[in-house]
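A quick write-up on the structure given underneath.
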């Protein structure tokens, strides 16, 4: 008598895995996001990445940071399960509509990417407030 064992994987999980192939090629970097009075400061840790390998895109309220490492192919290359450690980074954050994405400032030093996103200035902040005594 033969037994057939079915996996307990749901249909939804298999659809998600099949529909997002970029998940396997990128890994999520460590990051720190701090709100300041006039901006949001985002620090992303991407060791092994140079300035030429960084792409920052804004899609509505979302910010997508893609950081690609410089990959060297050696003559005597063999797979030693290092592929996961050598994957590129991708970070997707929903920061909202209150930021001025075209005015962002970014710099990278020794694998630490710092992004400063200024906040939009509202009409109430432009008009000086009057105190009534």
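What the table shows:
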| read-out | value |
| --- | --- |
| The range 57-71 residues that are at positive phi and in contact (Cβ under 8 Å) with a residue 24 or more places away in the chain, paired with ones that are loosely packed, with under 13 Cβ neighbours inside 10 Å and in a loop (DSSP other than H, G, I, E, B) (beta carbon under 9 Å, 6 or more apart) | 60/97 |
| From 128, 37, residue being outside any strand (DSSP E or B), loosely packed, with under 10 Cβ neighbours inside 10 Å and modelled with pLDDT under 85 | 128 |
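The values are calculated or read from the model by the stated rules, or taken from the named source; none is laboratory data. Just so you know, these numbers come straight off a predicted model, no measurement behind them. Note that we place each Cβ from the backbone using ideal geometry, even for glycine, and neighbour counts take in every protein chain shown.
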